[in-house]
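The values are calculated or read from the model by the stated rules, or taken from the named source; none is laboratory data. This is a predicted model, so every value here is computed, not measured. All Cβ positions, glycine included, derive from the backbone under ideal geometry; neighbour counts span all protein chains shown.
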Amino acid sequence: MKSSKNKVEEFIRVDHAGERGAVKIYEGQLLALNTLVKNESLKKTIEEMKIHEKEHCEFFEIEIKKRKIKPTKFLPLWDLLGVGLGFGSTLLGKKAAMLCTASVEEVIDEHYQNQINQLGSDEKVLKKKIIKFREDELHHKDIAYDEGATKKGFYSIMDKIIKTGSKVAISISEKV
């Protein structure tokens, strides 16, 4: 099976934006934890997850440059929204901060699985990386639930808002 060049470019563009967005969400959460919210345990958990996201982002940064793919024009907006989402969810408390992670990772799990299913034998390295990154994201989701993420009550609305926003950002970033 062969992957089309345009599809691979879309994958790399959107994955770059998504991983950068994840870094920005964690930066927003850490900003809240370093200023207004004191929770050293949560801070440590988020710092550890952010390390993976930076590794993922750096891989896609290199791919964008190497393959001469234009990043999404929306990066500045995604950066701002990511920091805002991270900061805001953390102000709402640990459950909300962890739900933010869980909700985003559930969307990314499905997103990455779709890419894995479409990538052909001509993109072995990219496919292998996306498989590894998906495993990292699933691990982050598990951590989030272990740390108190919930979808009960108000949190179910928050989950839907975050997932919808993530899906919209994915759709836009694939094309623009």
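Among the residues of region 109-116, are any touching a residue at least 12 places away in the same chain (Cβ under 8 Å) and more than 17 Å from K163 (Cα to Cα)? Looking for residues that are touching a residue at least 12 places away in the same chain (Cβ under 8 Å) and more than 17 Å from K163 (Cα to Cα), one finds at least one in region 109-116, hence yes. What about I162, is it of a type in the set (A, V, I, L, M) and in a helix (DSSP H, G or I)? Against the criterion (of a type in the set (A, V, I, L, M) and in a helix (DSSP H, G or I)), I162 qualifies. In region 140-159, of all residues being among the charged types (D, E, K, R) and closer than 25 Å to H56 by Cα, the one that is nearest to the chain's Cα centre (by Cα) corresponds to K141. Candidates K160, K175, K141: the one that is exposed (fewer than 13 other Cβ atoms within 10 Å of the Cβ) and without any contact (Cβ under 8 Å) to a residue 60 or more places away in the chain is K160.
Any residue at all in region 96-118 that is touching a Phe, Trp or Tyr at 6+ places or on another chain (Cβ under 6 Å), more than 26 Å from K38 (Cβ to Cβ) and of a type outside the set (A, V, I, L, M)? There is at least one residue in region 96-118 that is touching a Phe, Trp or Tyr at 6+ places or on another chain (Cβ under 6 Å), more than 26 Å from K38 (Cβ to Cβ) and of a type outside the set (A, V, I, L, M). Does region 34-41 contain any residue that is at pLDDT 95 or above, of a type outside the set (A, V, I, L, M, F, W, C) and either under 18 Å from D15 (Cβ atoms) or surrounded by 20 or more Cβ atoms within 10 Å (Cβ to Cβ) (or both)? Checked region 34-41: no residue is at pLDDT 95 or above, of a type outside the set (A, V, I, L, M, F, W, C) and either under 18 Å from D15 (Cβ atoms) or surrounded by 20 or more Cβ atoms within 10 Å (Cβ to Cβ) (or both).
Out of T150, T72, one residue alone is under 18 Å from D15 (Cβ atoms), touching a helix residue (DSSP H, G or I) at 6+ places or on another chain (Cβ under 6 Å) and outside any helix (DSSP H, G or I). It is T72.
Looking at L99, is it more than 18 Å from E19 (Cβ to Cβ), within 14 Å of the chain's Cα centre (by Cα) and in a helix (DSSP H, G or I)?
Working: more than 18 Å from E19 (Cβ to Cβ): yes; within 14 Å of the chain's Cα centre (by Cα): yes; in a helix (DSSP H, G or I): yes.
Yes; evaluated as a whole, the condition is true for this residue.
The rows are residues; the columns are (1) hydrophobic (A, V, I, L, M, F, W, C); (2) at positive phi; (3) touching a Lys or Arg at 6+ places or on another chain (Cβ under 7 Å).
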{"position": "P76", "(1), (2), (3)": "no, no, no"}
{"position": "S89", "(1), (2), (3)": "no, no, no"}
{"position": "L92", "(1), (2), (3)": "yes, no, no"}
{"position": "Y112", "(1), (2), (3)": "no, no, yes"}
{"position": "A144", "(1), (2), (3)": "yes, no, no"}
{"position": "I157", "(1), (2), (3)": "yes, no, no"}
{"position": "G165", "(1), (2), (3)": "no, no, no"}
{"position": "S173", "(1), (2), (3)": "no, no, yes"}
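Residues checked against (1) modelled with pLDDT under 95; (2) within 21 Å of V8 (Cα to Cα); (3) small (G, A, S):
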site: G86; (1), (2), (3): no, no, yes
site: T90; (1), (2), (3): no, no, no
site: C100; (1), (2), (3): no, no, no
site: V104; (1), (2), (3): no, no, no
site: V107; (1), (2), (3): no, yes, no
site: I116; (1), (2), (3): no, yes, no
site: S121; (1), (2), (3): yes, yes, yes
site: K128; (1), (2), (3): no, yes, no
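A single entry from L80, L42, L85, L30 fulfils the requirement of being out of contact with any helix residue (DSSP H, G or I) (no Cβ under 7 Å at 6 or more places or on another chain) and either within 16 Å of A169 (Cα to Cα) or touching a residue at least 12 places away in the same chain (Cβ under 8 Å) (or both): L80. Taken over region 112-128, the criterion of being in contact with a Ser or Thr (Cβ under 9 Å, 6 or more places away or on another chain), surrounded by 11 or more Cβ atoms within 10 Å (Cβ to Cβ) and assigned to a helix (DSSP H, G or I) is satisfied by Q118, D122, E123, L126, K127.
Residue check: is T90 more than 15 Å from the chain's Cα centre (by Cα) and either of a type in the set (F, W, Y) or in a helix (DSSP H, G or I) (or both)? The answer is yes for T90.
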